[in-house]
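Participant: Quick one: the structure is below, questions incoming.
The values are calculated or read from the model by the stated rules, or taken from the named source; none is laboratory data. Owing to the predicted nature of the structure, the values given are computational and were not obtained by experimental measurement. Note that each Cβ is placed from the backbone with ideal geometry, even for glycine, and that neighbours are counted across all protein chains shown.
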Amino acid sequence: MIESLTPTCDSDDCDRPLSAEQRRIVYESPGGTRHVYECDCGAVTVTVHR
Ligand SMILES: [Zn+2]
């Protein structure tokens, strides 16, 4: 889990910045709004925005 306004890929050997075009899902959770990104490398990164 990452808390950042400019998320990067969660994969250890990738670390590319993620853009809005790679955002697949946005949903509300008790901890905040979660954004699910799918990187070009195939890794999925979830961020939370309060
Ligand atoms: Zn990646």
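Participant: In the stretch 2-15, is there at least one residue being assigned to a strand (DSSP E or B), at pLDDT below 95 and more than 9 Å from the ligand (Cβ to nearest atom)?
Facilitator: Among the residues of the stretch 2-15, at least one is assigned to a strand (DSSP E or B), at pLDDT below 95 and more than 9 Å from the ligand (Cβ to nearest atom), which makes the answer yes.
Participant: Could you list, in sequence order, all residues of the stretch 21-46 that are part of a strand (DSSP E or B) and more than 14 Å from the ligand (Cβ to nearest atom)?
Facilitator: ILE25, VAL26, TYR27, GLU28, SER29, GLY32, THR33, ARG34, HIS35, listed by residue number.
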